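The values are calculated or read from the model by the stated rules, or taken from the named source; none is laboratory data. The model shown is predicted, which means the values in this text are computed figures rather than measured ones. Counting neighbours? That spans all protein chains shown, and the Cβs are built from the backbone with ideal geometry, glycine included.
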């Protein structure tokens, strides 16, 4: 399955102030998340952002404040975005069957969300380089479990190039500097 711009949305899961510093290789994860957010914004791909219990974990990291609008952010208490009534409704209203997922933590909220989306008949694609966990083994086991459950595992660049579909367009020229 190719990820189509008109059929997909980006879901940024719990990339929060007090959670991000505890992640293994957080810098690389944040860079890949940033690429996805910037590309989604430029290509008019809807963006949904979850925040797990922001009172305790803080809000989405400050470095994304210029990229994410307040109305795109939704607080939750459930680990899976699909188990939260508000977030599930937002995702359903998008009417986009392909959901690109990035965020934290790979083996908890990202995994449960991806499995929940698949159970709802959607086609989640998890950007492996844009997810993180406190321990590398947790991230790797989450990816293995996702693969075993038939989920698409991609990279941020795969997603961006599939959204672009071809070179030489104004969109391509605007986005390619983000990758280089």
**Message:** If I ask for residues that are more than 28 Å from residue 93 (Cα to Cα) and touching a helix residue (DSSP H, G or I) at 6+ places or on another chain (Cβ under 6 Å), which ones from the range 24-43 would you list?
**Reply:** 24, 26
**Residues satisfying the stated conditions in the range 52-79, i.e. outside any helix (DSSP H, G or I), closer than 17 Å to residue 10 by Cβ and modelled with pLDDT of 95 or more** = 60, 61, 67, 68, 69, 73, 74, 76
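Table: residues versus (1) in contact (Cβ under 8 Å) with a residue 60 or more places away in the chain; (2) under 21 Å from residue 133 (Cα atoms); (3) surrounded by 15 or more Cβ atoms within 10 Å (Cβ to Cβ).
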position	(1), (2), (3)
38	yes, no, yes
44	no, no, no
51	no, yes, yes
80	no, yes, yes
84	no, no, yes
98	yes, no, yes
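Here's the yes/no breakdown for (1) within 19 Å of residue 11 (Cα to Cα); (2) surrounded by fewer than 18 Cβ atoms within 10 Å (Cβ to Cβ); (3) without any contact (Cβ under 8 Å) to a residue 40 or more places away in the chain; (4) over 18 Å from the mean Cα position of the chain (by Cα):
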{"site": "132", "(1), (2), (3), (4)": "yes, no, no, no"}
{"site": "136", "(1), (2), (3), (4)": "no, yes, no, yes"}
{"site": "139", "(1), (2), (3), (4)": "yes, no, no, no"}
{"site": "146", "(1), (2), (3), (4)": "yes, no, yes, no"}
{"site": "153", "(1), (2), (3), (4)": "yes, yes, yes, no"}
{"site": "156", "(1), (2), (3), (4)": "yes, no, no, no"}
{"site": "165", "(1), (2), (3), (4)": "no, yes, no, yes"}
{"site": "173", "(1), (2), (3), (4)": "no, yes, yes, yes"}
{"site": "180", "(1), (2), (3), (4)": "no, yes, yes, yes"}
**Request:** Kindly indicate whether any position in the range 3-16 is surrounded by fewer than 17 Cβ atoms within 10 Å (Cβ to Cβ), outside any helix (DSSP H, G or I) and in contact (Cβ under 8 Å) with a residue 40 or more places away in the chain.
**Result:** yes
**Message:** under 16 Å from residue 48 (Cα atoms), surrounded by fewer than 21 Cβ atoms within 10 Å (Cβ to Cβ) and in contact (Cβ under 8 Å) with a residue 40 or more places away in the chain: is that true of residue 90 in this structure?
**Reply:** yes
**Prompt:** Any idea which of (1) surrounded by 15 or more Cβ atoms within 10 Å (Cβ to Cβ); (2) at negative phi is the one residue 70 doesn't satisfy?
**Reply:** (1)
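Could you grab me the full set of residues in the range 106-120 that are crowded, with 24+ Cβ neighbours inside 10 Å and farther than 22 Å from residue 162 by Cβ?
Across the range 106-120, the qualifying residue is only 111.
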**Message:** One residue is enough: does the range 87-105 have a residue meeting the conditions under 16 Å from the mean Cα position of the chain (by Cα), farther than 16 Å from residue 9 by Cβ and either part of a loop (DSSP other than H, G, I, E, B) or modelled with pLDDT of 95 or more (or both)?
**Reply:** yes
